[in-house]
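The values are calculated or read from the model by the stated rules, or taken from the named source; none is laboratory data. Everything numeric here is computed off the predicted structure, so don't read it as measured data. When we count neighbours, we look across all protein chains shown, and the Cβ atoms used for this are built from the backbone with ideal geometry, even at glycine. Remember, those area values only see protein heavy atoms, side chains included, never the ligands or the DNA or RNA. Shrake-Rupley method; radii C 1.70, N 1.55, O 1.52, S 1.80 Å.
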Amino acid sequence: MEKTTAVRILATLLAPDSGRATVGGFDVAREAHQVRSLIGLTGQYAAVDEMLTGVENLLMIGRLLGLSRGDAKARAGELLERFGLSDAGGRAAKTYSGGMRRRLDLAASLVGRPQVLFLDEPTTGLDPRSRTDLWGVVRGLMADGVTVLLTTQYLEEADQLADDIVVFDHGRVIASGTSDELKATTGAQVLEVRPLDEANLELVAKVVGDVVEAPPESSGGRVVASVSDPEVVPRVVRRLDELGVVASELTLRKSSLDEVFLALTGHRAEDGTTGDDDEEAAA
């Protein structure tokens, strides 16, 4: 089962073939109405009506949820201000940038004040600045007590936002835990060495490989190797010093989630053939 399918089942949009799932204590199959009263959902692509203004989009959602016109209008104004869209509220959504549409879409999912919010790849297609802005919005929701389940193909995003992470690979859960717990599963740290003179890159790679007794990776002007014993660092430094090689950078850090995924599966998250399964769901 891929992560988007899992979200659709939890949001009562799909019936499970087998097994059982609950949201807020309610069974998603037998008590779907109660589940829907608790949740909000934002899919991979903004679902706003481009011909309507920002205010009209939120007002329509509020009225569909049974709010009075006055309450719907007040809620729309509150959400537009919260998401930095007040000045654009009177404009048609088709004039919005991609980041603005995503924020409006997210605002729409909050009109009903959900206790649980499902975000299925909310930053897909966004530029780095818009993605960072949306991260801030998600952190704000979590601070307000909203439970957020977020799926993403960006492992850095899961690292930045998630309290708990579930890793999917080809439709199966292969690991779960906090970011630090997952990083600890590899039992290794990562050594990075960047020579001041890039012409020495091959020599640095040989030194690192000899010391750690495993072939390192060389890319982007640096050498990267998995290290289980931190004592190798001074040995690498001494060998480079003996050879007269100056390092402009030399760091020992925790494994990234990308590197954890690689260790768990033998391939990077973006190397999957479907583009959907080799990703993470973070809550």
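Observations
- Working from Cα pairs under 8 Å separated by at least six residues, relative contact order for segment 72-177 is 21 percent.
- Relative contact order, percent, the chain [alpha-carbon distance under 8 Å, six or more residues apart]: 19
- Neighbour count of at most 15 Cβ within 10 Å plus DSSP loop: longest trypsin sites (Lys or Arg not before Pro)-free window in the chain: 92-267
- Candidate residues GLU192, GLU78: accessible-area rank, largest first, probe 1.4 Å: GLU78, GLU192
- Between helix 201-212 and the chain: long-axis angle, C-alpha atoms, 0 to 90°, nearest 10: 90
- Per residue, the accessible area of the chain comes to 52 Å² when a 1.4 Å probe rolls over the protein heavy atoms.
- Fluctuation leader among LEU13, LEU257, LEU59 - the chain, Gaussian network, Cα springs under 10 angstrom: LEU13
- Which of ILE61, ILE174, ILE165 is most accessible, then next, and so on - probe 1.4 Å: ILE174, ILE61, ILE165
- Taking the 1.4 Å solvent-accessible surface of segment 1-60 as the whole, the part contributed by carbon and sulfur is 53%.
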